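None of the figures in this text is laboratory data; all of them are computed from the coordinates on show. Small disclaimer: the values here were computed from a predicted structure and weren't measured. No Cβ is skipped: glycine too gets one built from the backbone with ideal geometry, and neighbour counts run over all protein chains shown.
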Amino acid sequence: MNTTPPDDETNAEAKSMNDQLRRDVASWSAARPATSTAPAAEPSIAAPKQPAPKAKRPKPAAPDPQPPQARTKPFSMSYGGVTNAEHIAIMIARGAR
């Protein structure tokens, strides 16, 4: 039978994993300074001194003015071919409020 409580077992596993991570980080850190301390190489292509001017977009031509059109009625509901007034009269006759 296992005499250690599950918390101790979990803590031991976590400690073991942390130790392994520390060793990995230490080895990576030890290997890194060898490459990072070297002086940076100069770029082989010199950067341009001034950026190239941006191409300007031509402005869109103004649309031709259209002659004013006759005003039309806005959208309205159709009640089976009857006018609004007739529909209201029918509804009142039926007793709708």
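Put simply, when 72-85, 52-65 are sorted by average Cβ atoms within 10 angstrom per residue, most first, you get 72-85, 52-65. Here Arg32 and Ala61 are evaluated by their C-beta separation; at R0 = 41 Å the FRET efficiency comes out at 0.10. Specify whether the C-alpha gyration tensor of region 47-97 places it in the rounded, prolate or oblate class, a ≥ b ≥ c being the square roots of the eigenvalues: rounded for a/c under 1.5, otherwise prolate if a/b is larger than b/c and oblate if not. In terms of gyration-tensor shape, prolate.
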